[in-house]
Amino acid sequence: MAAATLSTSTVLSTVIRLALVAGVFALGAYWESTGLLPSIFRHTDDVVYLIGQHIRLVAISGVLAILVAVPLGILLTRTPFRRYTNFVTQFVNLGTTIPTLAILALSMSFLGIGAPPTIFGLFVLTLLPILLNTIAGIRSVPPHLIEAARGMGLTQRQIPFQVELPNAAFVILAGIRTALAINVGTATLAFLIGGGGLGELIFTGIDLMDPSMLLAGAIPTALLAILVDFLVGQAQFWLIPRGVNPLR
Amino acid sequence: MITLDHITKTFGQTTAVDAVSMEVPAGSVCVLLGPSGCGKTTTMKMINRLIAPTSGKIIVDGKDNAAVDEVTLRRSIGYVIQQIGLFPNKTVEDNIAIVPDMLGWDRKRSRIRAAELLEMVNLDPEIFLKRYPKELSGGQAQRVGVVRALAADPPVLLMDEPFGAIDPINREVIQDEFMKLQARLKKTIVFVSHDIDEAVKMADRIAIFREGRLIQYSSPDDLLAHPSNSFVADFVGTDRTLKRLRLIKVEDVMVEQPCRARADDTLETAAAMMEEAGHISIVMVGPLGRARGYVTLDGARCKRGTVGEHHDKLRGVVNVDEDLRAAVSMMFTHDITWLACVDDDGFYKGYITQRGITHALGATYRDS
Ligand SMILES: Nc1ncnc2c1ncn2[C@@H]1O[C@H](COP(=O)(O)OP(=O)(O)OP(=O)(O)O)[C@@H](O)[C@H]1O
Ligand SMILES: [Mg+2]
């Protein structure tokens, strides 16, 4: 039953991938004939520079978010804080409903313009889903496993690392995966508060009604998001032990 | 040895365990038995301090266990829970080696130990060491759970309904395996169960609990023969005498070294032997003493010739190592009142009769 579902979904995703490749190819051919493609490549230098900037924004905010969210999630699921976990989860959920632009605007009003407010805004945005998944992942570890661990003499410090985190790792990485992909997309808004990134081409392209410029920003952004998703997906596949990895 | 000295545990208003005192001798299996919620698990968890007693003292191997560091204490006590609790993120090998790893054993030594332990429960290390728990059947996981508790060779083992989650047939198999292991290892075991049959099978001593109090603490046979009150009697069941059949071995009840006939004896000789012994039949043995057949007194009197020519096939033969349940079952199956008893090689060791069995079961009632 599971195998059947899996193979259906594998077939489906293969079909979708092929369709995508064919579509991109057809689009490329069409643009080539209309002269759009050559004009996109006029922006190559800008694109290379801005991709670098974009990646830096995503990487710094993403890494910071992971470094804060995962330990915070572990801390919030320890016994002394356990009874507040529900409250924190609801609070964080509330946080995720605040529109992205509002977060960026808020952080600009505190930190001024440029990279720092952008990174802070992206950090907050990425932190929340990772924190939620870390908490959910750790809470989904069956209590009898913790009891077995305690009964065998694992210390309070060993239990999170040997039992809780490995068993929650898949859910945590799933949170990181979506959070980073969203981060890549959202980082285009950085332009609005002077943070740079590929948004510069997109928004300028819109202003100037220059589709080639707009696409020169949008296509690399999309590819970057797909790449990040792919990389974290691979990490999820290879780093998580087979025993707790639903992918294999 | 484990000693509980007036152990009490209260959770708010409920008294889960109420002034329980008992002693588990070294190397023996003590089964805590009773209805759901009577405090068995709570009592057990106080031994490895997963639960702190409200009052009272527990002494394990001469040391007050409140004085020992709790992590050190737990690493010296094997622990098996009903849900087995194998860690899904670790291979079978790593699961088994958890406590040795924490104790700082050399990695090579702990992995060899894991392989050894798997073999003890008939799981091929080649196949199972590298598997993950999700790749095991229920029975296999249960076996791994048990040997994991044995990994660092702790003198004491706590087992909370360790065989509860498997089907009855597999459960019997694992129980038998475990008893063989225990006969070799001689651990001091506290075993929680709510199954009287399991308790009777495994226990050296059974502790019956009711609402947190220890009602009776005695050997299985004593418990079945002399339940201390109607609660215990009801709990062990109206067929308690039949349950005792399991506890007595054929060799303890059979009549040993009875007279026997050989194939070349005449029927007259056989009849004379039976008359002298007051028997109505006699077993014929082969040249080396294996049970081959039998002749009855009536048959021997009214025919002529040798025993070899006139013997009948034995309808029931029972191994001396079997329990009385097997013997009685065979008697009922073949509608006979006696059985020849043989050892593993088929040598005739004695015979067992229905009267002998009722007598043996009745002895303890008459004593009291
Ligand atoms: N942590 C707890 N908090 C409050 N009450 C508890 C707690 N643990 C156990 N109890 C209560 O203590 C009593 C004994 O529980 P225990 O788990 O020892 O029963 P048990 O004999 O193991 O039962 P079962 O056969 O169902 O496992 C029960 O009434 C139970 O509700
Ligand atoms: Mg219990």
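Based on DSSP H assignment, which helices of chain A show an axial Cα extent of at least 15 Å together with a mean Kyte-Doolittle hydropathy greater than or equal to -1.0?
The qualifying helices are A:2-34, A:44-76, A:85-96, A:100-111, A:115-139, A:165-186, A:211-239.
Please work out the ratio of the alpha-carbon Rg of the protein assembly as shown to 2.2 N^0.38 Å and round it to two decimals.
In units of the globular-protein estimate, the protein assembly as shown measures up at 1.47.
Computed FRET efficiency, Cβ-Cβ of B:Phe231 and B:Asn122, R0 30 Å: what is it to the nearest 0.05?
Plugging the Cβ-Cβ distance into 1/(1 + (r/R0)^6) gives 0.15.
Determine the per residue accessible area of the protein assembly as shown with all protein chains present and a 1.4 angstrom probe, expressed in square angstrom.
Ligands and nucleic acids excluded, the result is 49 Å² per residue.
For chain B, find the longest principal axis of its Cα atoms and tell me its angle to the long axis of helix B:168-185, 0 to 90°, nearest 10.
The answer is roughly 80 degrees.
For peptide A:46-54, compute the average count of partner chain beta-carbon atoms within 10 Å of each residue's beta-carbon.
0
Is the C-alpha gyration tensor of the stretch B:141-211 telling us rounded, prolate or oblate? Criteria: a/c under 1.5 is rounded; beyond that, a/b larger than b/c is prolate, otherwise oblate.
Verdict is oblate for the stretch B:141-211.
Points 7 angstrom from Cα along the Cβ direction at B:Arg325 and A:His144: gap in nanometres?
Label at B:Arg325, label at A:His144, 2.6 nm between them.
Would you please give the FRET efficiency between A:Arg248 and B:Arg301, computed as 1/(1 + (r/R0)^6) with r the Cβ-Cβ distance and R0 = 60 Å, to the nearest 0.05?
The calculated FRET efficiency here is 0.15.
Once R0 is set to 56 Å, what does the formula 1/(1 + (r/R0)^6) return for the Cβ-Cβ distance between B:Val68 and A:Asn93, expressed as a FRET efficiency to the nearest 0.05?
0.80
Could you name the lysines in cross-link range of B:Lys249, using Cα to Cα under 20 Å and dropping any fewer than eight places away on the same chain?
Cα-Cα hits under 20 Å: B:Lys180, B:Lys201, B:Lys349.
Restricting attention to the alpha-carbon atoms of the stretch A:42-244, what are Rg (one decimal) and Dmax (integer), both in Å?
Calculated on Cα positions, Rg and Dmax stand at 19.5, 68 Å.
Using only Cα atoms, locate the centre of the stretch A:118-172 and the centre of the stretch B:322-336, then give the distance between them in Å, rounded to an integer.
Each part reduced to its Cα centre gives a spacing of 58 Å.
Hey, how much of the P(r) for the stretch B:173-227 falls beyond 18 Å, as a percent of Cα pairs?
I get 34 percent for the Cα pairs in the stretch B:173-227 exceeding 18 Å.
Tell me which residues come under 5 Å, amide H to amide H, from B:Val283 once H is placed; ignore anything under 5 positions away on its chain.
Residues meeting the amide H criterion: B:Ala261.
What residue among B:Glu119, B:Glu275, B:Glu23 has the largest mean-square fluctuation in a Gaussian network model of chain B, using Cα springs under 10 Å?
Ranking B:Glu119, B:Glu275, B:Glu23 by mean-square fluctuation puts B:Glu275 first.
With the Cα gyration tensor of the stretch B:250-364 in hand, give its eigenvalues times 5 under a square root as the equivalent ellipsoid semi-axes, listed largest first in whole angstrom.
24, 15, 12
Sort out for me the Cα centre separation of the stretch B:1-80 from the stretch B:196-258, rounded to whole Å.
23 Å
Measure of size requested: the Rg and Dmax of the stretch B:27-74, with Cα atoms as the atom set and Å as the unit; please supply both.
Computed over the Cα atoms of the stretch B:27-74, radius of gyration and Dmax are 11.7, 33 Å.
Can you order the peptides B:348-356, A:145-153 by their average number of other Cβ atoms within 10 Å per residue, highest first?
Ranked from most to least packed, the peptides come out as A:145-153, B:348-356.
Hey, what number do you get for chain B at 222 nm if only DSSP H runs of n ≥ 4 count, each worth -39500 (n - 2.57), divided across all residues, to the nearest 500?
Mean residue ellipticity, 222 nm, calculated: -11000 deg cm²/dmol.
With unit charges on the beta carbons (Lys and Arg positive, Asp and Glu negative) and the dipole taken about the Cα centre of the stretch A:35-154, which residue among A:Thr77, A:Ile103, A:Ala59 sits farthest to the positive side?
Checked the options; the winner is A:Thr77.
Hey, what does the equivalent ellipsoid look like for the stretch B:1-105, semi-axes from the Cα gyration tensor as sqrt of 5 times each eigenvalue, largest first, whole Å?
26, 17, 13
Would you mind giving the mean number of other chain beta-carbons within 10 Å of the Cβ of each residue in A:153-164, as a whole number?
The shielding value for this peptide is 4.
Which order, highest average first, do A:38-51, B:159-172 follow once you tally other Cβ atoms within 10 Å for each residue and take the mean per peptide?
Final packing ranking: B:159-172, A:38-51.
By how many nm would the segment from A:Val48 to A:Phe81 grow when fully extended, if each residue of separation counts as 0.36 nm and the alpha-carbon distance is taken off?
7.3 nm
What ranking do A:180-190, B:44-54, B:8-18 get when scored by the average of other Cβ atoms within 10 Å per residue, highest first?
Ranking, from highest mean packing down: A:180-190, B:44-54, B:8-18.
Counting only helical runs of four or more DSSP H residues, what would the 222 nm mean residue ellipticity of chain A come to if each run contributes -39,500 (n - 2.57) and the total is spread over all its residues?
-26500 deg cm²/dmol
Once you have the alpha carbon radius of gyration of the stretch B:2-247, what is it after dividing by 2.2 N^0.38 Å, with N set to its residue count?
1.02
Across the residues of B:81-94, average count of Cβ atoms on other protein chains within 10 Å?
Mean partner-chain Cβ count within 10 Å for B:81-94: 6.
Compute, for the protein assembly as shown, the length of the dipole vector about the Cα centre, with Cβ point charges of +1 (Lys, Arg) and -1 (Asp, Glu) only. Units Debye, rounded to 20.
About 920 debye.
The values are calculated or read from the model by the stated rules, or taken from the named source; none is laboratory data. Computed from a predicted structure; not experimentally measured. Please note: Cβ atoms are built from the backbone with ideal geometry, for glycine as well, and neighbour counts cover all protein chains shown. Surface accessibility is based on the protein's heavy atoms, side chains included, excluding ligands, DNA and RNA. Shrake-Rupley method; radii C 1.70, N 1.55, O 1.52, S 1.80 Å.
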